[in-house]
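Participant: The structure's right below; bear with me while I get my questions together.
The values are calculated or read from the model by the stated rules, or taken from the named source; none is laboratory data. On a predicted model such as this, the values are computed, not experimentally measured, just so you know. Glycine also receives a Cβ, built like all others from the backbone with ideal geometry; neighbour counts cover every protein chain displayed. When the accessible area is computed, the model is the full protein with side chains, heavy atoms only, and any ligands, DNA or RNA have been set aside. Shrake-Rupley method; radii C 1.70, N 1.55, O 1.52, S 1.80 Å.
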Amino acid sequence: MSAWLVRLPEVRSSIQVSIAILGWVLFASSVGAMTSLLLAGRFIARFGARTAVILGFTVLGIGQTIQGLSLVIASPVGVAFGGLISGLGYGIGDVGINVEGAELEKRRGKSLLPQLHGAYSLGALTGAGIGTAAIVTDFPLVFQVLVLAIGTTVIAWWTYKKLPVATGRLEKSVNILPSTRTVRKTPLLDKRIVFLGLGIMGLSLAEGGSNDWLALSVVDDYKLDTTTAGITFAIMTAAMVVTRFTGGKLVDRFGRVFALRAFGLAGVVGILVVILSPTIYLAWVGAGLWGAGVALGFPLFISAAADGENSSGRVATVTTFGYIAFLVGPPLLGFVGQSWGLLNMFYLLAACVAAAVFFAGAARPVNTQEAESYLA
């Protein structure tokens, strides 16, 4: 997806649409992802995470292929439809991966999701590099899309036999007494899951907001060139990668709540530094703190949702909270940035990270917390 995003100017030229229409074309992918995210929990509970991963990435590859072929005929409708299909595959495949990762983390007895999400960030950087290299070498966009679609699908099928069969399937309880009733809680009605969802929303919105608006704020508000803006964004992204690959040890030693709050506070400071800095060099420090501050939010809140048995529904619910903020929130922030200015809009992101610090108490392991003391 990163390789596709860096070539969006070429996509726009190929299908000959305005920026506004391009936004609607790209929004189709978000609609697909949100739809499948809402259905992923039930699907995994019935068929297992392995099936979700394989189905998701196969559908993702099909959608990307449709997008690539639609570029040949310059069809914005075809690109949007392909994006919708890609989003459907991405949503269910992503939840499947997180359920598998969370289960592996539980079985290993140590933090693994931050490193796995570090691989996601590293993949995003690699994809951007592939897309940039393709631009420099004039590699056709259509061939790039098709090659990566095939590669993604092949890799997913290669993992098929490596994944357990039943991960995420709902375990059916057998009642010994006929009169005994099993009460099933809806994840959205669970106070702890709601708090985890609100926490992941805060950090995901700050992460997505930085992806969309940090570089542009350097150009518009700091009045600097695009190269400097790219350096600023690269510093933030590199900080995320490093934090995700190294943060697991801190989590294992001090726990999820400490890690979320310590890094979250660093993120608040970082955003404020970016807003108030008199020089770009200090803003680079703030960008690094910003990246480190939001890096562990997604993996640790998902890890907390996976505590206990039959966790696929809880993981899917919290993941949906996160992706609502990550996919839908940043474009809406653009309207605020238009009225207030981008740097002033960042105060909202600092507040979101501060809220995530507050809700981080819900990430305490279930077996060590009282039922009503999530925020202690």
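Participant: Sort 83-93, 258-268 by packing, meaning the average of other beta carbons within 10 Å per residue, with the highest value first.
Facilitator: Ranked from most to least packed, the peptides come out as 83-93, 258-268.
Participant: If you don't mind, another one. When the Debye formula is applied to the Cα atoms of region 221-370, each taken as the same point scatterer, what base-10 log of I(q)/I(0) results at q = 0.17, 0.22 Å⁻¹?
Facilitator: For the requested q values the scattering log ratios are -1.02, -1.48.
Participant: Within the chain, count lysine pairs with alpha carbon atoms under 29 angstrom apart where the residues are 8 or more positions apart or belong to different chains.
Facilitator: Pairs that pass both the separation and distance tests number 18.
Participant: Given a 1.4 angstrom probe, what's the average accessible area per residue across region 250-322, in square angstrom?
Facilitator: 33 Å²
Participant: Separate question: Computing the accessible area with a 1.4 Å probe over protein heavy atoms, can you report the carbon and sulfur percentage for region 245-376?
Facilitator: 68 percent
Participant: Quick one: which of 284-290, 61-67 comes out on top by average Cβ neighbours within 10 Å, and what's the full order, highest first?
Facilitator: Averaged packing, sorted descending, gives the order 284-290, 61-67.
Participant: Heads up, I need the accessible area for residue 2: 1.4 angstrom probe, whole protein in place, Å², nearest 10.
Facilitator: Roughly 30 Å² of residue 2 is accessible to a 1.4 Å probe.
Participant: Which percent of Cα-Cα pairs in region 101-160 sits in each 10 Å bin, short to long?
Facilitator: 19, 35, 29, 13, 4
Participant: Let me ask something else. Hey, what did the chain get for relative contact order, percent, Cα under 8 Å, at least 6 apart?
Facilitator: After rounding, I find 22 percent.
Participant: Additional query: Could you state the per residue volume, in Å³, of the convex hull enclosing the Cα atoms of region 1-145?
Facilitator: Per-residue hull volume (Cα only) is 104 Å³.
Participant: Please report, in whole Å³, the volume per residue of the convex hull around the C-alpha atoms of region 209-277.
Facilitator: Taking the convex hull of the Cα positions in region 209-277, it is 80 Å³ per residue.
Participant: With a length cut of 24 Å (Cα positions projected on each helix's long axis) and a Kyte-Doolittle mean of at least 0.0, go through the chain and give me the DSSP H helices that pass.
Facilitator: Those that pass (Cα extent of 24 Å or more, hydropathy at least 0.0) are 19-47, 49-72, 76-108, 113-136, 141-158, 191-220, 226-254, 256-276, 342-359.
Participant: Show that you can apply the helix-only estimate: for the chain, add -39,500 (n - 2.57) for every DSSP H stretch of four or more residues, divide by all residues, and state [θ] at 222 nm to the nearest 500.
Facilitator: That calculation yields -26000 deg cm²/dmol at 222 nm.
Participant: Label points 7 Å out from Cα along the Cβ direction at residue 254 and residue 108: separation in nm?
Facilitator: Label-label distance for residue 254 and residue 108, simple model: 2.1 nm.
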